[in-house]
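These notes are about the structure you will find just below.
The values are calculated or read from the model by the stated rules, or taken from the named source; none is laboratory data. Since the structure is predicted, the reported quantities are computational estimates derived from the model, not experimental observations. Backbone-built Cβ (ideal geometry, glycine too); neighbour counts: all protein chains shown. What goes into the accessible areas is simple: the full protein's heavy atoms, side chains included, and nothing from ligands, DNA or RNA. Shrake-Rupley method; radii C 1.70, N 1.55, O 1.52, S 1.80 Å.
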Amino acid sequence: MPHPERLIVIVLFDRVDLLDITGPPEVFALLQREMERPCGYQVLLAAESLEPVTTAAGVRVLPDIRLDRLQHQAIDTLIVPGSVETDAKGRVQALADPAVVRWVQTLSAQSRRVASVCVGAHILAAAGLLEGKEATTHWSTAAQLAQDHPGIRVDADRIYIQQGRIWTGAGLTTCLDLALALVAEDFGNTLAMRVARQLVMFLRRTGGQSQFSVMLEPLSSTRRMEDLRQYIAQHLGQPLSMADLAEQMHVSDRQLARIFKTELGMTPAAYLEAARVEAARQQLEATDASLEQVAGTCGFKTTDTLHRAFRRQLGTTPGQYRSRFRTPAE
């Protein structure tokens, strides 16, 4: 008995992020290698015309079909990528072209599910598809999404979120995690994990895992702050008092506090805790080290201190985090 066709439509438009439109199809194509029968996915790149679309990377892509040819067509999954512009100061602004928004409104009505990739969430929001829902997007435009659409509960720390038939994904590379989640919904976790291995992905992350990395925040405006952050990352197991950090930076304690607030928007103590929690997360995901060992190597005096920090930062315990995100040994 033939497997039913699952039509996947990816919306194309000028200056779209290239990885947004190439990542998911790669996942769907690799799925076929892992199946003994046709998976039923058919991917179409759809644009307003059949003229080549120039992506943000400068690579030109040929659409498969015009958007108007899809009206009244049953669509399994509508994937909406995104695009941004940056100003002279390097500030990022997500774009939502009104013509693209109108097409998304039209086609979403005839789609079983709709998924945005990265800043494509801004297009879904403009189309009214996220109102009253929880959603994520790339961390650099999360504040813009929340400000432009106060009716959306924006969670900037999730790599993807499912709300019924609507899915939103976070950063560019998490389009792979999102596509794998769609595969898992359709065909189960086992096949999704096999596809992840084909992609040589270290871990198929679940939606609740954070896209945030304290060491991957926007660069500081001063070299000495970046040097201090590197110093902290290399000495997390040491006490690292306020006086230690101030001495390392050759400033007073009061100046250090002002610099952290200006550069990173937090206190030195808050930054230290976030950095230590991140280091602990990495150990919990990748090793079998005991909680006592993790606490010691990451600069937490006791496992109780580690527990309290995880509760504050992640709303969970180290043990619960490990059980959810531990990478299976090969």
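Summary table
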quantity	calculated
Among residues of the range 90-137, those that are open to solvent by 40 Å² or more (accessible area, probe 1.4 Å), within 16 Å of Ile10 (Cβ to Cβ) and β-branched (Val, Ile, Thr), counted	1
Ala179 being assigned to a helix (DSSP H, G or I) and over 14 Å from Gly82 (Cβ atoms)	yes
Test: Leu284 is farther than 20 Å from Arg229 by Cβ and touching a strand residue (DSSP E or B) at 6+ places or on another chain (Cβ under 8 Å)	no
Qualifying positions in the range 228-270 - under 23 Å from Arg91 (Cα atoms), in contact with a helix residue (DSSP H, G or I) (Cβ under 8 Å, 6 or more places away or on another chain) and part of a helix (DSSP H, G or I)	Arg229, Ile259, Phe260, Glu263, Leu264
Meets criteria (charged (D, E, K, R) and either assigned to a strand (DSSP E or B) or under 23 Å from Arg6 (Cβ atoms) (or both)) for Arg112	yes
Criterion: among the aliphatic types (A, V, I, L, M), in contact (Cβ under 8 Å) with a residue 60 or more places away in the chain and touching a helix residue (DSSP H, G or I) at 6+ places or on another chain (Cβ under 6 Å) - qualifying residue of Ala184, Ala179, Ala126	Ala179
Condition met for Asp76 (in contact with a Gly (Cβ under 9 Å, 6 or more places away or on another chain), touching a residue at least 40 places away in the same chain (Cβ under 8 Å), part of a strand (DSSP E or B) and buried (at least 18 other Cβ atoms within 10 Å of the Cβ))	yes
Residue within the range 10-29 that is closer than 23 Å to Leu180 by Cβ, at pLDDT 95 or above and in contact with a Leu (Cβ under 6 Å, 6 or more places away or on another chain) present	yes
Index of the failed condition, Arg326 passing every other in (1) of a type outside the set (A, V, I, L, M, F, W, C); (2) more than 25 Å from Asn189 (Cα to Cα); (3) open to solvent by 60 Å² or more (accessible area, probe 1.4 Å)	(2)
Only one of Arg322, Arg312, Arg276 that is touching a Cys at 6+ places or on another chain (Cβ under 8 Å), basic (Lys, Arg) and in contact (Cβ under 8 Å) with a residue 12 or more places away in the chain	Arg276
Count - residues of the range 154-165 that are open to solvent by 10 Å² or more (accessible area, probe 1.4 Å) and assigned to a strand (DSSP E or B)	5
Any hit, the range 28-45, residues being in contact with a helix residue (DSSP H, G or I) (Cβ under 7 Å, 6 or more places away or on another chain), among the acidic types (Asp, Glu) and either crowded, with 16+ Cβ neighbours inside 10 Å or not in a loop (DSSP other than H, G, I, E, B) (or both)	yes
Matching residues, the range 57-73, being open to solvent by less than 40 Å² (accessible area, probe 1.4 Å) and farther than 20 Å from Leu129 by Cα	Val61, Pro63, Ile65
Check on Ile123, β-branched (Val, Ile, Thr), in contact with a Leu (Cβ under 7 Å, 6 or more places away or on another chain), closer than 25 Å to Thr173 by Cβ and at pLDDT 95 or above	no
Count of residues meeting criterion [of a type in the set (Gly, Ala, Ser), surrounded by 14 or more Cβ atoms within 10 Å (Cβ to Cβ) and over 26 Å from the mean Cα position of the chain (by Cα)] in the range 274-295	2
